[in-house]
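Engineer: After the structure tokens below, expect a handful of questions from me.
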Amino acid sequence: MANQFIHAVRPDDLFRTSEWDDSELAVRAGQLLDCQTMGERMAAAGRTMAVVSTATKGASRMMNSSAHTLGQPVFSVHGQPVSTPDVHEAVAAQLGEIPPAGAPNSARVTYATTALMEVIYPRHKPDFCVFWMNEPDTSSHKFGVLGTETEAAQRMADENFGRILASVAFRQWPREHCRHVRSWPDHRPCPT
């Protein structure tokens with residue numbers, strides 16, 4: 001059962017990590033996490049954190065589950081309550097409505113990339129940011145890892161990552177923030 005497990009907050013069903021409502025049940029019971037979040041660590045150090053995500057509602061929440069409490073910006077293509085209200089409103093005002101989901105999910109990934117570069121960085125200047133693209137994962141599940149659509153989604157994800165690295169916001173990030181970039185694949189196929 002991928003991304004689902006038995007949890008006391010859902011005694012009659014599986015706990016689904018992809019669902020906001022399931023994570024909310026765990027938060028209310030004080031059982032979502034048993035350690036300090038990155039957002040809490042950043043706040044304690046006087047630093048800021050942002051999340052921009054095209055992942056599921058639950059996965060987006062887990063990227064910084066304390067963001068709403070700490071007033072840290074979150075943008076999700078799923079809107080509110082995943083996104084923080086002020087960030088969601090600012091992105092929608094500047095970029096228009098969030099595109100519908102698709103496979104490949106190119107429109108949403110490109111929209112989220114633009115939100116990061118044109119709204120999140122300029123307004124919030126986070127010290128640390130998690131940016132999650134759900135491609136090529138979405139397409140590989142639907143079309144297979146060697147599918148033409150998956151290859152197109154992979155190229156699109158690479159292009160959007162390149163846009164971030166080439167963006168004015170990234171290049172003008174203050175030197176004292178070091179500008180380290182880490183990239184981790186989810187199940188991205190690697191050549192053998």
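The values are calculated or read from the model by the stated rules, or taken from the named source; none is laboratory data. Not measured: the values here are computed from a predicted model. Note: ideal-geometry Cβ built from the backbone for every residue, glycine included; neighbour counts use all protein chains shown.
Engineer: Tell me, please, whether a residue that is assigned to a helix (DSSP H, G or I) and within 21 Å of Gln94 (Cα to Cα) can be found in the range 124-143. Working first, answer last.
Structural biologist: Initial filter on the range 124-143 (assigned to a helix (DSSP H, G or I)): 124, 137-143.
Now narrow it down to the ones that are within 21 Å of Gln94 (Cα to Cα): 124.
Yes, the range 124-143 contains at least one residue that is assigned to a helix (DSSP H, G or I) and within 21 Å of Gln94 (Cα to Cα).
Engineer: Let me ask something else about it. So in the range 29-46, with the set limited to residues that are in contact (Cβ under 8 Å) with a residue 24 or more places away in the chain and small (Gly, Ala, Ser), which one is farthest from Asn105 (Cα to Cα)?
Structural biologist: Residues of the range 29-46 that are in contact (Cβ under 8 Å) with a residue 24 or more places away in the chain, as a first pass: 31-33, 37-40, 42-43.
Now drop any that are not small (Gly, Ala, Ser), which leaves 39, 43.
Values: Gly39: 28, Ala43: 33 Å.
This residue is Ala43.
Engineer: Going residue by residue through the range 47-63, is there one that turns out to be at pLDDT 85 or above, surrounded by fewer than 21 Cβ atoms within 10 Å (Cβ to Cβ) and over 26 Å from Ala157 (Cβ atoms)?
Structural biologist: Within the range 47-63, one or more residues are at pLDDT 85 or above, surrounded by fewer than 21 Cβ atoms within 10 Å (Cβ to Cβ) and over 26 Å from Ala157 (Cβ atoms).
Engineer: Scanning the range 95-113 for residues that are in contact (Cβ under 8 Å) with a residue 40 or more places away in the chain and not in a loop (DSSP other than H, G, I, E, B), which turns out farthest from Ala43 (Cα to Cα)?
Structural biologist: Once the filter is applied, the top-ranked residue is Ser106.
Engineer: With respect to the numbered conditions (1) surrounded by 17 or more Cβ atoms within 10 Å (Cβ to Cβ); (2) under 29 Å from Thr110 (Cβ atoms), which one is the sole condition not fulfilled by Ala26?
Structural biologist: Checking Ala26 against (1) surrounded by 17 or more Cβ atoms within 10 Å (Cβ to Cβ); (2) under 29 Å from Thr110 (Cβ atoms), the one that fails is (2).
Engineer: Next question. Suppose we filter the range 47-71 for residues that are in contact with a helix residue (DSSP H, G or I) (Cβ under 7 Å, 6 or more places away or on another chain) and without any contact (Cβ under 8 Å) to a residue 12 or more places away in the chain; how many remain?
Structural biologist: 0
Engineer: Go through the range 84-136 residue by residue and tally those that are among the aromatic types (Phe, Trp, Tyr) and modelled with pLDDT of 95 or more.
Structural biologist: Step one: list which residues in the range 84-136 are among the aromatic types (Phe, Trp, Tyr), which gives 111, 121, 128, 131-132.
Going one step further and asking which of them are modelled with pLDDT of 95 or more, we end up with 111.
Total meeting the criteria: 1.
Engineer: Can you tell me how many residues within the range 135-146 are farther than 11 Å from Ser106 by Cβ and either among the basic types (Lys, Arg) or in contact with a helix residue (DSSP H, G or I) (Cβ under 7 Å, 6 or more places away or on another chain) (or both)? Give the steps one after another, and end with the answer.
Structural biologist: Looking only at the range 135-146, we keep the residues that are farther than 11 Å from Ser106 by Cβ, and these are 137, 140-146.
Cutting the leftovers down to either among the basic types (Lys, Arg) or in contact with a helix residue (DSSP H, G or I) (Cβ under 7 Å, 6 or more places away or on another chain) (or both) gives us 140, 142-144.
Qualifying residue count for the region: 4.
Engineer: With Ala152, Ala169 as the choices, which residue is at pLDDT below 70 and surrounded by 13 or more Cβ atoms within 10 Å (Cβ to Cβ)? If you could, list the steps in order and put the result at the bottom.
Structural biologist: Numbers: Ala152 fails: at pLDDT below 70.
Result of the check over Ala152, Ala169: Ala169.
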